[in-house]
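Quick notes on the structure that follows.
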Amino acid sequence: MSFLSDFRERYLVRFWSPLPALVALGVASAYYFAITGTFWAVTGEFTRWGGHVISWFGYTPQEWSYFKLIGLAGTPLDRIDGVMIIGMLLGALCAALWANNVSLRWPTSRRRLLQGLVGGIIAGFGARLAMGCNLAAFFTGIPMFSLHAWAFMLATVGGAWIGVKICLLPWLRTPLKVGSQASSLFGDVEGTRRRASLQARLGTGVAVLAIAFAAWRFDTSLVLGMAVLFGLLFGGLIERAQICFTSAARDLWTTGRTRAAYGILLGMAVACVGTFGAIALGASPKIFWMGPNAILGGVLFGIGIVVAGGCETGWMYRAMEGQVHFWVVGVGNVIGGTLVAVYWDQLGTSLALPYPKINLLESFGPASGLLLTFAGLAIAMLLVHLNARRFQPKRSPAREPGQTESLA
């Protein structure tokens, strides 16, 4: 095997280990904050997309309280979050094409499409009620030293447990079907080779398009251009390592697997260091209300992502791989987030706005706030470890020498 073939097989075709990928995402998210001044987040921008759609029907969402909070000026091409998300989608698509992993895939049951839509709406609603999803109110929220992110994380884990119980209901169980299309594809070696070659060329074309898009944004603003590049990095990493926070939360209650959970916690730990440095140099962290909205939003988000089968990062890369189910989940996310904007005056005044924004660095001092955050992450790792022990098979007590097992 040539060097290029070996490189492609090892780094472009095989999936990557999620733990180092999550650590890399933590480092990248800290740099992203330092350079752009905002955190790695997606659902706020999805909600803005919903606001643009609403405006097509003659409404004026830019005058609504929620959009005054998160902003609705310009288009996705003019906003940091907008171009970053475009970069994420292009990065995930490029990585999937290079791996010959793009194909139109329908769920085994059409009922899953409805489940994906409903779960996506619940997750989107919960995320925006708490002012962030598994990224802004979790993976990048905790490194911002915002107390509300801790409440959201714990509530999400609890919501995932409820979601698992819901999915075990008989009318939601989907029988496993093994289609003939996949087996025939793997049986056609020459067809698979041609398909891989075509997708590799398409992936290169997408990469060229993405670089051109970044260059165009660089011509307007250094920050916008960097946001595109970071988006490409984020998208490529989540697709190659198959990063989905849903599986990490769901595994806590179903299998006890810990690799993804450890990776998420380690990623946040390294992000804390970089974010702390950026804040010390003058960057302003994003702090949100420590109110019932964070807890209720986290529970709804946890339920929604398990019912839908994917979180924000999960549905984005899977949609780029051609999985139709996750296109529907994405539409549901946009709808759910937009519903929060519609009803924010009623929700925010009772669940969020009356409550304080608690910055751990300000409340406890920079050093103590950082150490407290590290201590919280260490405790979380210990709890993940202890939880995993519940799933380890129990050993039967050893028999004494000469003792035989009764056949009665």
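The values are calculated or read from the model by the stated rules, or taken from the named source; none is laboratory data. Everything quoted here is computed from the prediction, not taken from an experiment. Cβ coordinates were reconstructed from backbone atoms using ideal geometry, including for glycine residues, and neighbour counts include every protein chain displayed. With ligands, DNA and RNA removed, areas are computed over all heavy atoms of the protein, side chains included. Shrake-Rupley method; radii C 1.70, N 1.55, O 1.52, S 1.80 Å.
Report, by residue number, each residue of segment 290-310 that is in a helix (DSSP H, G or I), of a type outside the set (Phe, Trp, Tyr) and open to solvent by less than 30 Å² (accessible area, probe 1.4 Å).
Correct list: ASN293, ALA294, GLY297, GLY298, GLY302, ILE303, GLY304, ILE305, VAL306, VAL307, ALA308.
Within segment 79-88, not a single residue is β-branched (Val, Ile, Thr), farther than 26 Å from ALA210 by Cβ and touching a Phe, Trp or Tyr at 6+ places or on another chain (Cβ under 8 Å). Against the test of being under 25 Å from ASP345 (Cβ atoms), touching a residue at least 24 places away in the same chain (Cβ under 8 Å) and open to solvent by 10 Å² or more (accessible area, probe 1.4 Å), the options ILE54, ILE86, ILE80 yield a single qualifying residue, ILE54. Of the residues in segment 2-16, not one is among the basic types (Lys, Arg), under 26 Å from PHE245 (Cα atoms) and open to solvent by less than 60 Å² (accessible area, probe 1.4 Å). Within segment 377-391, being over 19 Å from THR255 (Cβ atoms) and crowded, with 16+ Cβ neighbours inside 10 Å holds for one residue alone: LEU377.
Taking (1) open to solvent by 10 Å² or more (accessible area, probe 1.4 Å); (2) part of a helix (DSSP H, G or I) in turn, THR313 satisfies each apart from (1). Taken over segment 220-268, the criterion of being open to solvent by 10 Å² or more (accessible area, probe 1.4 Å), closer than 15 Å to PHE33 by Cα and aromatic (Phe, Trp, Tyr) is satisfied by PHE230 alone.
Scanning segment 269-289 for residues that are of a type in the set (A, V, I, L, M), under 19 Å from the mean Cα position of the chain (by Cα) and open to solvent by 30 Å² or more (accessible area, probe 1.4 Å) yields a single hit, VAL270. Taking segment 1-119 as the region of interest, the helices (runs of 4 or more DSSP H) fully inside it that hold 2 or more residues being under 21 Å from the mean Cα position of the chain (by Cα) are 18-36, 43-55, 80-98. Going through (1) at pLDDT 95 or above; (2) under 24 Å from PHE245 (Cβ atoms) one by one, PRO354 falls short only on (2). What pairs come out if I take residues in segment 334-363 that are touching a residue at least 12 places away in the same chain (Cβ under 8 Å) and closer than 16 Å to THR43 by Cβ and pair them with residues that are part of a strand (DSSP E or B) and aromatic (Phe, Trp, Tyr) whose C-beta lies under 6 Å away, six or more apart or interchain? If the second residue must be part of a strand (DSSP E or B) and aromatic (Phe, Trp, Tyr), the pairs left are ALA352/TRP289.
Select from segment 345-364 the residues that are of a type in the set (Gly, Ala, Ser) and open to solvent by less than 20 Å² (accessible area, probe 1.4 Å) and write down the one among them that is nearest to ALA283 (Cα to Cα). Across segment 345-364, the extreme among qualifying residues is ALA352.
Residue selection: LEU113 fails the criterion of being free of Cβ contacts under 8 Å to residues at least 60 places away in the same chain and over 24 Å from ALA260 (Cβ atoms). Looking across segment 120-129, just one residue is open to solvent by less than 40 Å² (accessible area, probe 1.4 Å) and either more than 15 Å from the chain's Cα centre (by Cα) or modelled with pLDDT under 95 (or both), and that is LEU129.
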